[in-house]
Amino acid sequence: MDAEGTHAALRLPEGSWWDWDVVAWDGGQLRLAAGHDLAHHHGLELVFGDPIFVACAAGFHDPVFRSPSPDELLKVTSRFGEKPPVVVAFETDAGGQELVSCLIAAERLDIVQESVLRYWRADASPDQRFAPWVTPPGQ
């Protein structure tokens, strides 16, 4: 939310954030990951704390973030009872013939930029972490 109390378009840190997917989703958190190729690692996560509304593909490409429309704000406000602190809207390629409109409303949003490996590597450096599903061999 900006200084005037409106929901502005999300701004991402500089980087190649073309490829996106859902890394984790439970009742308390929705975590989207992004990178230039998600086969081996990702470098950005959008962590939505206490999501109350999610309309988003599980995997998508090249999102264009924008301010939510008045109708979208009404949709989430009617479910929440008031304007949620975080409302993120974007158009994206989800693999179909047309772009898909996505909308996420939550209590909080943290933008985490760090290297996250999607495969086991015994010699991972201390500044890298592993995706939730990665475990050492035999575990």
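Quick notes
- Residue satisfying all of: in the range 86-99; under 25 Å from PRO70 (Cβ atoms) and not in a strand (DSSP E or B); most open to solvent (accessible area, probe 1.4 Å) among these: GLU98
- Count - residues of the range 100-133 that are in a loop (DSSP other than H, G, I, E, B), under 19 Å from GLY59 (Cα atoms) and either open to solvent by less than 70 Å² (accessible area, probe 1.4 Å) or in contact (Cβ under 8 Å) with a residue 24 or more places away in the chain (or both): 4
- Filtering the range 23-41 to residues that are part of a strand (DSSP E or B) and either open to solvent by 60 Å² or more (accessible area, probe 1.4 Å) or more than 23 Å from ALA124 (Cα to Cα) (or both) leaves TRP25, ASP26, GLN29, LEU30, HIS41.
- Residue that is modelled with the highest pLDDT [pool: residues in the range 7-22 that are assigned to a loop (DSSP other than H, G, I, E, B) and buried (at least 18 other Cβ atoms within 10 Å of the Cβ)]: TRP17
- Against the test of being among the charged types (D, E, K, R), out of contact with any Ser or Thr (no Cβ under 6 Å at 6 or more places or on another chain) and under 12 Å from ILE104 (Cα atoms), the options ASP26, ASP50, ASP37 yield a single qualifying residue, ASP50.
- Scanning the range 47-76 for residues that are buried (at least 17 other Cβ atoms within 10 Å of the Cβ) and assigned to a loop (DSSP other than H, G, I, E, B) yields a total of 3.
- Test for ARG79: is it assigned to a helix (DSSP H, G or I), touching a residue at least 24 places away in the same chain (Cβ under 8 Å) and surrounded by fewer than 14 Cβ atoms within 10 Å (Cβ to Cβ): yes
- Flag if GLY27 is free of Cβ contacts under 8 Å to residues at least 24 places away in the same chain and of a type outside the set (D, E, K, R): yes
The values are calculated or read from the model by the stated rules, or taken from the named source; none is laboratory data. As the structure is a computational prediction, the values presented were derived from the model and not from experiment. With ideal geometry, Cβ positions are generated from the backbone for all residues, glycine too; neighbour counts draw on all protein chains shown. In case anyone asks, the SASA skips ligands and DNA or RNA and just uses the protein heavy atoms, side chains included. Shrake-Rupley method; radii C 1.70, N 1.55, O 1.52, S 1.80 Å.
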